[in-house]
Structures are given as C-alpha cells and as structure tokens.
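Inspection log for the structure reproduced underneath, given as structure tokens.
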Amino acid sequence: MRASGPEHGWLYVLSGRMRVVLGDEDFVLAEGEVAEFDTHLPHWFGNADEHPVEFLSILGPQGERFHIRARYRPGG
C-alpha cells in the first residue's frame with residue numbers, strides 16, 4: 001500500500017469488480033460504483049477476482065473543485 005501527497009482521489013468502475021483497500025478497510029466495488037478518498041491514507045486497488053477490471057482514476061490537489069452541482073430546469 002502507499003500514501004501519496006496532499007491529494008484527493010476518485011475511482012469509478014467502468015466494468016468488472018475492483019478491490020479497494022483504504023487504510024484498514026477493504027471494499028469491493030462493482031460496475032458503476034465510486035470510491036472517494038484522501039490519498040494521505042494508505043491505499044491499494046486492483047482486480048477483485050480473476051476477471052479484468054476497467055476503471056477511471058482521478059487525482060487532484062483540491063478535491064472539492066471536482067464536485068459539480070447541477071439542477072434540472074424544465075423548459076430551460
């Protein structure tokens with residue numbers, strides 16, 4: 001496991017199943033699920049089983065800037 005600099009991370013599973021270890025916690029994410037974490041925390045991720053996993057990873061120094069809040073406006 002590793003910990004990196006002052007960043008925030010997101011993992012989005014496109015297909016397959018992904019095992020994510022964050023500190024002492026161990027998770028399995030399925031297609032369409034997301035993990036968000038502080039990269040100061042020791043972390044590891046990879047295949048959850050013998051099948052391939054396809055995922056998107058985003059790392060950024062100021063995670064709050066990645067949050068988009070949108071509202072539906074009928075007729076607009």
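The values are calculated or read from the model by the stated rules, or taken from the named source; none is laboratory data. Every value quoted in this text rests on a predicted model; they were computed, and no experiment measured them. Ideal geometry is used to build each Cβ from the backbone, glycine not excepted, and the neighbour counts take in all protein chains shown. Accessible surface areas use protein heavy atoms only, side chains included; no ligands, DNA or RNA. Shrake-Rupley method; radii C 1.70, N 1.55, O 1.52, S 1.80 Å.
Restricting Leu41, Leu11 to residues that are part of a strand (DSSP E or B), surrounded by 13 or more Cβ atoms within 10 Å (Cβ to Cβ) and at pLDDT 85 or above narrows the list to Leu11. Among residues of the range 62-76 being open to solvent by 100 Å² or more (accessible area, probe 1.4 Å) and not in a loop (DSSP other than H, G, I, E, B), the one that is modelled with the highest pLDDT is Arg65. Can Leu59 be described as surrounded by 10 or more Cβ atoms within 10 Å (Cβ to Cβ), in a loop (DSSP other than H, G, I, E, B) and at pLDDT below 90? When the stated conditions are applied, Leu59 does not pass them.
Among the residues of the range 16-38, is there at least one that is modelled with pLDDT under 90 and not in a strand (DSSP E or B)? No - not one qualifying residue is present in the range 16-38.
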